[in-house]
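Single-structure report; data block below.
The values are calculated or read from the model by the stated rules, or taken from the named source; none is laboratory data. Since this is a predicted model, take the numbers as computed values, not measurements. Positions of Cβ are backbone-derived with ideal geometry, glycine not excepted, and every protein chain shown enters the neighbour counts.
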Amino acid sequence: MSDTPKPWTDPMPDPQFDLMRRILAAPSPVGLEGAMTYGVLKPHFEGFAPGDWQLQQFKGHAGVVLDTHPGRDDLFKVMIIGHADKIRMQVRSIGEDGKIWINTDSFLPTTLLGHEVKLFSEDPAAPGQYRVIEGGTVEALGAIHFSDPSVRDGSKGLKKEQMYLDLQIHGENKKQQVLNLGVRPGDAILLNRPIRPGFSPDTFYGAYLDNGLGCFVTAEVARLIAEAGGTEQVRVLFAIASYEEIGRFGSRVLAGELRPDAIIAVDVNHDYVAAPGIGDRRMQPLEMGKGFTMSVGAIASEQLNRIIETTAREQGIPMQRDIVGPDTGTDGMAGVLAAVDCAATSIGFPIRNMHTISETGYTKDVLAAIHAITHTVRALDGLSDPHREFLDHHPRLDQAGPLGHQGADTPEEQK
């Protein structure tokens, strides 16, 4: 969608932003990912995929995989994974006063207070059919006038058990009014905040950047590879997974079924520079606006990272190294969790306020990730033998050369 030689340096074109917004808007809570995978991404894939590519579907979940070379198990298989599931709240019980008590899942309770939501209720009389209720808000305390002094002054916070959905029910038989709607324990609730351009240039904000953004990046890499004529030595599996937010179960199944040789997970990351109150933790200074991130540590393959970093440097794509410790925290773990021998890493983009209604990102970081992955796929396709490349070139620290003091002058490229 951009004709410039370095599109990650330009504002995101409006049609591309609209695609991102449509993907992020799809109501796809954990276990109900079909709105994003089947409602938005499947028709999008079918709109540009060459005739010999194949879209794979699955029985146990709504994940999809766009396969560039179906059946070609002899080729080096690269799986690029975004996850479609969104963290959600769920109905826990219904009170006599009409309050709908909820589970808050992976949300910090205090970030939910007062926000509008959508409740998706399965019709008890027609299982499998869903209705949506809008206009409710998440509450816990009511008016400040009824709050304990320790809550008023901030010395005491909220417990997840205090959170409820208020549908403004009043009058007689309040609980029955809710029951008559067919609302039942387990019904999913999502924050109601669409994606909008932010105040600062090239920014955007809203709910659920985690992880519709990874799905958007995966889809855009697929489009760019298709427009470039595909690949010859590499079979690319553009995967949209489910169940990531409850343990990365969907991508684990995809890896077990398709057995990729390499996995590149695409997921949001943190802007540690802007995160409040963590200065004393001395985190790696990842920052929104400084490019995509690449995981180092855990199971991240140094060989795959070498190719990504070399490619980004050659193309002039800004990159930040993310230190992940024992676990990437993303679908990059899918291969080892599924007991599949594959190189893997995780690509991301720093955002602010993760798991809130006001997640914030920077479009040029997202574009940087799209083009870094696209060029990496092309670099892998250009290897004489991708299989042997990864079998034979594991780093050898026993062959490390000596390094002496380099002086105090700042290199020109860093000034």
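Of all residues in region 177-204 being aliphatic (A, V, I, L, M) and closer than 12 Å to Lys118 by Cα, which is surrounded by the most Cβ atoms within 10 Å (Cβ to Cβ)? Lay out the reasoning, then the answer.
Let us first name the residues in region 177-204 that are aliphatic (A, V, I, L, M), namely 178-179, 181, 183, 188-191, 195.
Filter again for closer than 12 Å to Lys118 by Cα, leaving 188-191.
Values: Ala188: 22, Ile189: 25, Leu190: 20, Leu191: 23.
Across region 177-204, the extreme among qualifying residues is Ile189.
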*Would you be able to say whether some residue in region 293-300 is more than 20 Å from the chain's Cα centre (by Cα), part of a loop (DSSP other than H, G, I, E, B) and without any contact (Cβ under 8 Å) to a residue 40 or more places away in the chain?*
no
_Filter result (farther than 23 Å from Asp97 by Cβ, among the polar types (S, T, N, Q) and within 34 Å of the chain's Cα centre (by Cα)) within region 149-170_ = Ser155
*How many residues does region 130-176 hold that are in a loop (DSSP other than H, G, I, E, B) and either hydroxyl-bearing (Ser, Thr, Tyr) or surrounded by 10 or more Cβ atoms within 10 Å (Cβ to Cβ) (or both)?*
13
*Return the only residue of Thr360, Thr345, Thr356 being under 15 Å from the mean Cα position of the chain (by Cα) and assigned to a loop (DSSP other than H, G, I, E, B).*
Thr356
*When region 301-339 is examined, which residues are found to be under 22 Å from Arg252 (Cα atoms), over 18 Å from the mean Cα position of the chain (by Cα) and among the acidic types (Asp, Glu)?*
Glu302
*Counting only residues that are within 19 Å of Ile370 (Cβ to Cβ) and touching a helix residue (DSSP H, G or I) at 6+ places or on another chain (Cβ under 6 Å), give me the strands (runs of 3 or more DSSP E) lying completely in region 36-83 with at least 3 of them.*
76-83
*Residues of region 386-404 being free of Cβ contacts under 8 Å to residues at least 12 places away in the same chain and either within 31 Å of the chain's Cα centre (by Cα) or surrounded by 11 or more Cβ atoms within 10 Å (Cβ to Cβ) (or both), which ones?*
Arg388, Leu391
*Is it fair to say Lys77 is over 21 Å from Arg184 (Cβ atoms), assigned by TED's automatic domain parsing to the domain that holds Val377, surrounded by 22 or more Cβ atoms within 10 Å (Cβ to Cβ) and charged (D, E, K, R)?*
yes
*Which of the residues spanning region 4-55 are under 25 Å from His69 (Cβ atoms), without any contact (Cβ under 8 Å) to a residue 40 or more places away in the chain and within 18 Å of the chain's Cα centre (by Cα)?*
Tyr38, Val40, Lys42
